[in-house]
Amino acid sequence: MKIRRVQFVCFVVLLGLALSFVALSSALAAQPNIGVLIYKYDDTYISTVRNALNNALSGKASVSMQDGKGDQATQNDQLDVMIEKKVDGFIVNMVDAQAAAGILEKIREANIPVVFFNREPDLNVFKIYDRACFIGTNAVDAGKMQGDIIARLWSQHPEYDLNRDGRCQYVLFKGEPDNPEAIARSEWSVKQAVTNGVNMEQIGQTFVCNWDTALAQQAMESALAANEGKIELVIANNDSMAMGAVAALSNVGYNLEGGNKFIPVVGVDATDQAVDAINRGIMSATVKQDGTAMGDAVSAVILNMIAGKAPLEGTTCQFDGSGIAVRIPYAPYVGK
Ligand code: CA
């Protein structure tokens, strides 16, 4: 009798182990494959999103991520390979947002759900396919937030008006010429500052620096050489370019930690480097794009779509008026 009970207990334990093994292996087998196409790895904000994606999808999906290296042709090839491998879902960060229609057509033909994020295609292209959505930000909001920050800085620091003419002489660094975010940030940062009562006056032409630190540093060096003592504010579409401007300024004795000559610099993204620069007092402010919130939202939505659920089920996201786009809000960052 006693032996029987031991045998029975052993049987139950073994059965339990066997069942949990089956459950584990079926969970692994059921994990979807998600193809992730990134416009380029060498982008600070996108790196934050990539980390968040990897964290959020860990244990829930197997992820193959590819670096488009800023080249749309490369990204097209990466898409073709993943379609052939029959991934279960796509996450796409377009190199060139204007090429989205072609990408979406291929994904539609393969009948794979897709979430586009960050670089915003014309939302009309989404009409051809109902297993697709977009998660981005509202580009105008980032610009407006910069404008609000500028107005606050200007009223709090009368000394920033170096020539005491009551106007703010600024230089503007733009991401890319045709990028909708770059266009909206450039326009609305200045418009919003004007709405808030600042008399804005641009020095020179807008510097188009492709979101890039080194290009912005070169442009700022030239601008400083040509307009010594006349520049009172730097507005940049992103923090990478803002950091380039800060580097150029520090080379000529401005914006040094503990220094006494300072020109306000305002960026967008809240990259680690920019947040550090703001905390050290060598940059004024940035607008935070929450990369982690972006990565979490993109992951949750694609998993829902793969599982055949409503895209936003179980999330705090909401579609905007388009019915297919989710906007992750911005927040200002002015230091600790
Ligand atoms: Ca002035």
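The values are calculated or read from the model by the stated rules, or taken from the named source; none is laboratory data. From a predicted model like this one, the values you see are computed outputs, not experimental measurements. Positions of Cβ are generated from backbone atoms using ideal geometry, with glycine treated the same way; all protein chains shown enter the neighbour counts. Protein only, heavy atoms only, side chains kept; ligands, DNA and RNA dropped before computing areas. Shrake-Rupley method; radii C 1.70, N 1.55, O 1.52, S 1.80 Å.
Miscellaneous remarks
- Residue within the stretch 144-157 that is within 15 Å of the ligand (Cβ to nearest atom), open to solvent by less than 10 Å² (accessible area, probe 1.4 Å) and part of a loop (DSSP other than H, G, I, E, B) present: no
- Residues in the stretch 158-181 that are touching a helix residue (DSSP H, G or I) at 6+ places or on another chain (Cβ under 9 Å), surrounded by fewer than 19 Cβ atoms within 10 Å (Cβ to Cβ) and either over 14 Å from Phe262 (Cα atoms) or of a type in the set (Ser, Thr, Tyr) (or both): Tyr160, Arg164, Glu176, Pro177, Asp178, Pro180.
- Failed condition for Gly147, given (1) out of contact with any strand residue (DSSP E or B) (no Cβ under 8 Å at 6 or more places or on another chain); (2) assigned by TED's automatic domain parsing to the domain that holds Ala297; (3) in contact (Cβ under 8 Å) with a residue 24 or more places away in the chain: (2)
- Condition check for Ile103: touching a residue at least 12 places away in the same chain (Cβ under 8 Å), open to solvent by 50 Å² or more (accessible area, probe 1.4 Å) and among the aliphatic types (A, V, I, L, M): no
- Scanning the stretch 160-185 for residues that are among the hydrophobic types (A, V, I, L, M, F, W, C), within 16 Å of the ligand (Cβ to nearest atom) and more than 19 Å from Ser284 (Cα to Cα) yields a total of 0.
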